[in-house]
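Colleague: So that we are looking at the same thing, I have put the structure below in structure tokens.
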Amino acid sequence: MPINNAINNIIDIQVFSGTGSTTWTKPPNVNFVYVVCVGAGGGGGSGASAAAGVLRQGGAGGGGGALNQGLYLASSLSSSEPVFVGSGGTGGTGVTGTSSGNNGDNGQFSSFSSGYTLMAAYGGGGGRGGSVTTGTIITGGGGGGSLGSGSTGINTALLSGGGLPGPSSSTAVGNQGASWTAAAAAGNGEYGGGSGGGSTAALGGTAGGSSIYGGAGGGNGGSTSAANSGNASTSGGTSGSYTAGGGSAGGTTSANPTSGATGSNGNSYKCGNGGGGGGGRTGTVSNNGARGGDGGALGGGGGGGGNCTGTGSTSGAGGNGGRGEVRVYSW
């Protein structure tokens with residue numbers, strides 16, 4: 001069977017990885033244009049700060065960014081098109097005194113436009129900051145979708161919603177962003193981002209949600225109970241998987257906590273992994289909490305920061321979300 005000669009032409013590949021606005025220029029003599037957009041990951045929440053004998057939770061992880069893609073006739077596109085590459089959400093800053101942690105920021109969308117937004121992939125939501133209130137649930141940021149960003153994590157048993165389209169779900173399909181659920185589990189996505197890991201009222205942390213094609217969520221930061229015993233931080237999620245966790249390791253929750261590991265960067269066939277949660281400070285002696293790991297480039301969510309002990313200490317900051325990307329293939 002004859003092969004259309006256009007397929008035998010050299011493919012022009014333009015990769016936009018620098019965040020912010022730029023322009024794609026259409027190469028001459030091309031017939032088709034294939035676009036891939038990846039939204040940025042959300043930042044992790046910071047851990048809580050309080051004296052020994054008070055509950056102090058670690059921060060929740062940020063949600064992963066979505067991946068969206070489409071094929072277009074070159075003749076339908078202008079000679080140049082605006083491109084926007086999203087920045088990852090900034091992790092919540094550490095706190096002192098007796099204070100709940102700060103929420104992480106949402107990741108930005110990435111887009112390829114033609115007079116209107118022809119193609120977009122939205123960012124993951126920021127993780128909730130850790131709480132000092134007994135019985136509080138903190139949720140990870142929702143994963144980004146193709147039509148909307150994941151929501152910032154909340155501190156109730158409700159869903160922290162994944163981005164549109166479709167209803168919030170912990171088992172997201174298609175371009176839906178994944179949600180953190182009332183069943184205390186991070187959600188996984190298909191093309192939408194995985195949700196960030198969070199913490200139950202009993203301080204049991206959940207690992208970051210994964211995504212088959214999109215960015216993965218960050219892990220939960222380490223926590224310490226009012227009895228001054230520690231609860232471990234959790235790992236980030238994995239891009240290329242539909243099972244939560246399996247990504248970058250969480251830091252050690254101990255008298256000398258360690259930071260969460262940075263998520264692996266994505267490449268041409270997968271997005272970024274979630275950063276691990278930072279370790280929390282156990283015991284009664286004052287010391288700082290550890291920082292959550294940054295999400296991997298191409299939409300990985302940042303890990304939550306660990307708690308600190310002592311009102312003169314500083315809790316661990318949340319990790320930053322991984323940047324987005326736009327790739328354009330023309331032939």
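Bear in mind that the values in this text are calculations on the coordinates, not laboratory data. What you see is a predicted model; the values in this text were computed from it and never measured. Cβ placement follows ideal geometry from the backbone for every residue including glycine, while neighbour counts extend to all protein chains displayed.
Colleague: Restricting attention to the range 37-86, which residues are among the polar types (S, T, N, Q) and surrounded by fewer than 24 Cβ atoms within 10 Å (Cβ to Cβ)?
Modeller: Within the range 37-86, Gln69, Ser75, Ser76, Ser78, Ser79, Ser80 meet the criteria.
Colleague: Also, I was wondering about something else. Would you point out which residue out of Thr19, Thr23, Thr96 is surrounded by fewer than 24 Cβ atoms within 10 Å (Cβ to Cβ) and either under 16 Å from the mean Cα position of the chain (by Cα) or closer than 27 Å to Leu164 by Cβ (or both)?
Modeller: Being surrounded by fewer than 24 Cβ atoms within 10 Å (Cβ to Cβ) and either under 16 Å from the mean Cα position of the chain (by Cα) or closer than 27 Å to Leu164 by Cβ (or both) holds for just one of Thr19, Thr23, Thr96, which is Thr19.
Colleague: Right, another one. Can you pull out every residue in the range 185-229 that is part of a strand (DSSP E or B), crowded, with 24+ Cβ neighbours inside 10 Å and not hydroxyl-bearing (Ser, Thr, Tyr)?
Modeller: Filtering the range 185-229 down to residues part of a strand (DSSP E or B) leaves 185, 188-189, 199, 205, 211, 223-224.
Subset that is crowded, with 24+ Cβ neighbours inside 10 Å: 188-189, 199, 205, 211, 223-224.
Listed by number, the residues that qualify are Asn188, Gly189, Gly205.
Colleague: Same structure, new question: Assess whether Val54 counts as being assigned to a loop (DSSP other than H, G, I, E, B), more than 17 Å from Tyr213 (Cα to Cα) and in contact with a helix residue (DSSP H, G or I) (Cβ under 9 Å, 6 or more places away or on another chain).
Modeller: no
Colleague: Among the residues that make up the range 69-81, is at least one of them over 21 Å from Asn267 (Cβ atoms) and aromatic (Phe, Trp, Tyr)?
Modeller: Looking through the range 69-81, at least one residue is over 21 Å from Asn267 (Cβ atoms) and aromatic (Phe, Trp, Tyr).
Colleague: Can you confirm whether the range 255-274 contains a residue that is touching a residue at least 24 places away in the same chain (Cβ under 8 Å), under 16 Å from Gly141 (Cα atoms), in contact with a Phe, Trp or Tyr (Cβ under 9 Å, 6 or more places away or on another chain) and part of a loop (DSSP other than H, G, I, E, B)?
Modeller: Within the range 255-274, none of the residues are touching a residue at least 24 places away in the same chain (Cβ under 8 Å), under 16 Å from Gly141 (Cα atoms), in contact with a Phe, Trp or Tyr (Cβ under 9 Å, 6 or more places away or on another chain) and part of a loop (DSSP other than H, G, I, E, B).
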